[in-house]
Amino acid sequence: MRLSGRLRSSLIIGGQGIRARKMRTFLSMLSLFLGVLAVVTVQAGSVIAQRAMLSDVEITRGKDGTLQMYLPSNPQSVPVAIDVIKGRGDAVGVTRGKAVIGEPGVKPLNEGGGRVDDGGGYARAVNVTCDAGGCRPVEDEDAGAPQGQAIELGMNALTGDIRQFRPFRLQSGEWLDFSSAPSLSPRIVLNKYAAEGFAKHRIPAEMRVSGAVANATPRIIGVVDDGGWGPAAYVRSDELLNWMPVDSLSDQRYGTMELMLAPTATDLQQTLRTRLVAAGANADEIHAETINSLKEMQSQLSLMRWIFLGMAAMVLLIGVAGILNVGLATVGERIEEFALRRAVGTPRLLLAGIVLAETLLTGLLTAAAAIGFGIAGLKAVSSVLGSREPFLQNVDFPWQAGVAGIIAGLVAGVLGGLIPAIRAARIPIATVMRA
Amino acid sequence: MTPLIRITGLTKTLKGQDEPRTILAGVDLTLHAGESIAILGRSGSGKSTLLSLIGLFDRADSGQYLLGDNDITRIPERRAAALRSEEFGFVFQRFFLLKHLSAVQNVSMALVNGQGWLPRRKRRAKAMEALERVGIAHLAKHKPQRLSGGEQQRVAIARALVREPRILLADEPTGALDTETGNLVVEALRSATDRGCGLILVTHDHDHASKMGRVLQLTNGVFDATPERVVV
Ligand SMILES: Nc1ncnc2c1ncn2[C@@H]1O[C@H](COP(=O)(O)OP(=O)(O)OP(=O)(O)O)[C@@H](O)[C@H]1O
Ligand SMILES: [Mg+2]
């Protein structure tokens, strides 16, 4: 009761004070506005930049927390892994190989698998295979063949839906359906570079996959942005295996299988290790790594952010000087009011609190205005530039920027209001007798 | 009956520009309920200083100050603020109305001081009642700049009365007013003693002083040994 009486009294007195000096409150807000806006902008900018970088990293590497495992190059390891993760929704195996889609028996337009219009991509590397007997070149399937209408691309065979770990952006068509029975003609989803190549050249639909026993007729069902740099395609590994023996997935040319496991699938990791070692794999060759891109990126971004925040703080400080100036002038003008209020029994602490609360309120109002301005500005930027910069499409205003703005407003209110508040509390009551 | 106020041997020394000056050198004063006292004295004799000690704006250097049965010579500021709110009403030479508030808000402002709480309607009713007592309820909605000096001072008196204090302190309340308006104001103050309020009026005007029950003369920091007795 006693406390609420004080609180209510201070609300009434503070409210009267602000209403009696609307113009002055407005000017205080104006002087503070730029500073708070700078803090909000820097914070929003860094969060949005981080989000954009993170979403790219998520697509190319995988979401944070995902466990990445690389199988040893043991002939049994891929069949064992496929068997272990069969039916598990929380683990996906990926094997990477090479495929050529187009006229049979020709050299692809982009031999080496580079972007189709980059003039053939990378110089062809000599494929080498090694075993206990030493290393020797692998026979080149296309050796001596004429150049023709075909495109070479990286072929990723998936045992399950990889988009739970790497959220590819669907650009057209649809993504692979892993719930249906495997089809005899493999369904393929292209990435955008592969799709560009197919759009520019007339390519017949026949597919050669390294290690396959027969050529298949692919059905291209969709296009995704996978964050990759060259043409690639995604296919269900069980559909691909209709054309090739399962152990060909451990072929040197494919590299080994990469497994992506959900953070909760620790049991699976254990089982896999045991089974792989039992199948003759060397335990030291099983590499596992948890993806933690956010932390790595944050340390890179934080330096920049602190520099910008420091600059914003300077602007804020200038605003604080403005609010302090106005606050001191106001207290000077209100000396008689405060002396009178003390004479009628208002405790001095309450008066100090009221002065402080008035500037705090000004700071909060400014923060609200700056946050509102920031939200509107982001909407405007997003609608103007969103079509050119995908990371500016439909961006939400980051809540961290709102919090930063409110903190900046409160800090500025305290810094600008404390000295006037102390002055107000020190006014002697006898002032009212000497005027 | 216990007097409202008993003051004995009160002294106050203020730091002057060069050396400290003793303003009050042992003041004795007793005020009973319903009693009115006028204090006369040359300018600079320390009348306002004495009033600021009585009203707990400041503390004495030595002596004793009893409020009823309580020794409040050296109470802390927090309690002094509560006593100013509960026991005292003040009227000053200048009216000190807040110019952004109407007459009735200027009165109820004394009820919004962090000491206890009254809802808005009760505050308004009390403020209107106080304005009625000084005869200007019809001006309740006017802002100070639309009121004459006498009306403003009566708003200030209503503000002093609204908490129904037991002691009313007035420091030259008619100093800025013409004789006729001054009379009106003094009458408004004096009528408060009819309800048992004690009144101390500092004034330069002998006519106004003569309307009080007792007149004291402050000279050289003490009250004259032979106070003038005035019959009303
Ligand atoms: N804060 C202060 N510091 C030092 N001296 C002061 C202070 N306040 C007042 N004085 C001095 O104390 C003396 C008494 O002042 P006070 O205001 O009490 O006189 P007064 O009797 O009320 O005079 P008046 O009739 O002019 O109002 C004056 O000489 C004044 O200069
Ligand atoms: Mg005086």
Please compute the alpha carbon radius of gyration of the range B:91-221, then divide it by the globular-protein estimate 2.2 N^0.38 Å. Two decimals is fine. 1.05
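Of B:99/B:211; A:63/A:379; B:122/B:211; B:15/B:211; A:86/A:295; B:15/B:47, which sit over 25 Å apart, Cα to Cα?
Details: B:99/B:211 32 Å; A:63/A:379 27 Å; B:122/B:211 34 Å; B:15/B:211 35 Å; A:86/A:295 32 Å; B:15/B:47 17 Å.
From the list (B:99/B:211; A:63/A:379; B:122/B:211; B:15/B:211; A:86/A:295; B:15/B:47), the Cα-Cα distance tops 25 Å for B:99/B:211; A:63/A:379; B:122/B:211; B:15/B:211; A:86/A:295.
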Rg/Rh for the protein assembly as shown, where both radii come from Cα atoms and Rh is the Kirkwood radius: 1.35
Select from A:115, A:334, A:96 the residue whose mean-square fluctuation is largest in a Gaussian network model of chain A (Cα-Cα springs shorter than 10 Å). A:334
Highest-fluctuation residue, B:183, B:70, B:106 considered, GNM on chain B with Cα pairs under 10 Å: B:70
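Given a cut-off of under 8 Å on Cα pairs at least six residues apart, what relative contact order in percent is computed for chain B? Let's see the in-between values first.
Details: 455 pairs, mean separation 66.1, N = 232.
Result for chain B is 28 percent.
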For chain B, set up a Gaussian network in which alpha carbons nearer than 10 Å are linked by springs, and say which option among B:171, B:18, B:207 fluctuates the most. B:18
Below 14 Å, Cα to Cα, which aspartates and glutamates can residue B:126 reach? Residues fewer than 8 away in the same chain don't count. B:164
Excluding residues on the same chain fewer than 8 positions from residue A:107, give the lysines whose Cα lies under 19 Å from its Cα. A:98, A:200
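Could you tell me what % of all Cα pairs in chain B have separations over 31 Å? Can you show the working numbers first?
Details: 5643 of 26796 pairs.
Counting every Cα pair in chain B, those more than 31 Å apart make up 21 percent.
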Would you mind working out the magnitude of the charge dipole of the protein assembly as shown relative to its Cα centre, with +1 at each Lys and Arg C-beta and -1 at each Asp and Glu C-beta, to the nearest 20 Debye? 3580 debye
On a straight-distance basis, which aspartates and glutamates could pair with residue B:12 in a cross-link, Cα separation under 20 angstrom, same-chain partners fewer than 8 positions away excluded? B:28, B:58, B:61, B:71, B:77, B:171, B:224
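Take A:273, A:388 and order them by how many other Cβ atoms sit within 10 Å, fewest up front.
Details: A:273 16, A:388 8.
Going from least to most buried by this count: A:388, A:273.
Go ahead and estimate [θ] at 222 nm for chain A from helices alone: -39,500 (n - 2.57) per DSSP H run with n ≥ 4, summed, over the residue count, rounded to 500.
Calculated mean residue ellipticity at 222 nm is -17000 deg cm²/dmol.
Only the coordinates and a few stated rules stand behind these numbers; no lab work does. Note that the structure is predicted; figures quoted are calculated from it, not measured. Counting neighbours? That spans all protein chains shown, and the Cβs are built from the backbone with ideal geometry, glycine included.
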